[in-house]
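Report on the structure given below.
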Amino acid sequence: MTTYWCDNSEVKTHYHDAFSVLFPAWEQAWAAVVHAHLNDVSDLALRKRMLDFIAQETAHGKAHAAHNRRIGQTSAEAAEHEKIQLVLKRPKMKIWLAAMVSIEHIASCLSRDYLARYGDRTSREYALFRWHSIEELEHKSLAVDLWDALGYPRSDLRAHAAKNLRYVLRFVYEYMSDKLQGAGGARRVAGGLYCGWHVLTVIAKPFYAVTRSGFHPTNTDDTKLLARFA
């Protein structure tokens, strides 16, 4: 009998593993975007945060690539690497930084939910996602602070947000649909309900803060949450 790592649930495990498949390629992409702008930033504190971000994202990508090998998802991961080639060719394009701002905000929303639900679990898979979630919240403001430092208008940022949300949610939906093919009706219904609930409450509702004029990740105080894992 197959053992699934998240609550021994096929649905919950596939839900989290879908994000793991995305991480190696897109963490590499965002590290490249930030690196491309290093010489455009004179503020030493911001440059230090940029270098720390690159190091964290690189480590996340490597760790999730190892997880993806364990779950047999290297082909799906490779497909995402193909998709980021446009980013890697022209990482200084404003559209990629806009995408990064919104995707990093999605990651923050997911991280809060994960830490609240599973932050105290200790097995290898739980620990991987906990470590990643903590660091996502630690650098949650980097992308938008870089955007502002470069003098880009917030209206341009908001214009790209919905596109990036649709990409992530479509990928997770298609990944889970593929994994649950042939599953019993109850499990498929459970998968739909689980995804639907998380899409609405964990991702979509808090995500749309990014479209507001006063948006900044520090508007959500994560101090108490992170203090649990200090």
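Values in this text are rule-based calculations from the coordinates and carry no lab data. Since this is a predicted model, take the numbers as computed values, not measurements. Every residue, glycine as well, gets a Cβ built from its backbone with ideal geometry; the counts of neighbours run over all protein chains shown.
Remarks
- Extending 7 Å from Cα along the Cβ direction at residue 230 and again at residue 159 yields two label points whose distance is 4.2 nm.
- Cα-projected label distance for residue 123 with residue 93, points at 7 Å along beta-carbon direction, nm: 4.1 nm
- Point-to-point label distance, residue 7-residue 70, nm (Cα→Cβ direction, 7 Å offset): 2.0 nm
- For the chain, calculated [θ]222 nm from helices alone, where every DSSP H run of n ≥ 4 adds -39500 (n - 2.57): -23500 deg cm²/dmol
- Cα shape, the stretch 61-173, gyration tensor, a/c 1.5 rule: oblate
- Each peptide in 207-220, 4-17 receives the mean, over its residues, of other Cβ atoms within 10 Å, and ordering these scores from highest gives 4-17, 207-220.
- Length gained when the stretch residue 219-residue 194 is fully extended (0.36 nm per residue, less Cα-Cα span): 6.3 nm
- Computed E for residue 173/residue 45 - FRET, C-beta separation, R0 41 angstrom, nearest 0.05: 0.55
- ³J(HN,Hα), Karplus 6.51/-1.76/1.60, whole Hz, each residue of the stretch 194-199, x for Gly, Pro: 4, 5, x, 4, 5, 4
- 19 Å Cα-Cα reach of residue 140 towards aspartates and glutamates, excluding residues that sit fewer than 8 places from it in its own chain: 27, 43, 52, 57, 104, 113, 148, 221, 222
- When you count the other C-beta atoms within 10 angstrom of each residue and take the mean per peptide, 68-75, 22-29 line up highest first as 22-29, 68-75.
- Residue pairs, from the table 83/224; 12/94; 12/92; 62/94; 92/224, whose Cα atoms sit over 31 Å apart: 83/224; 12/94; 12/92; 92/224
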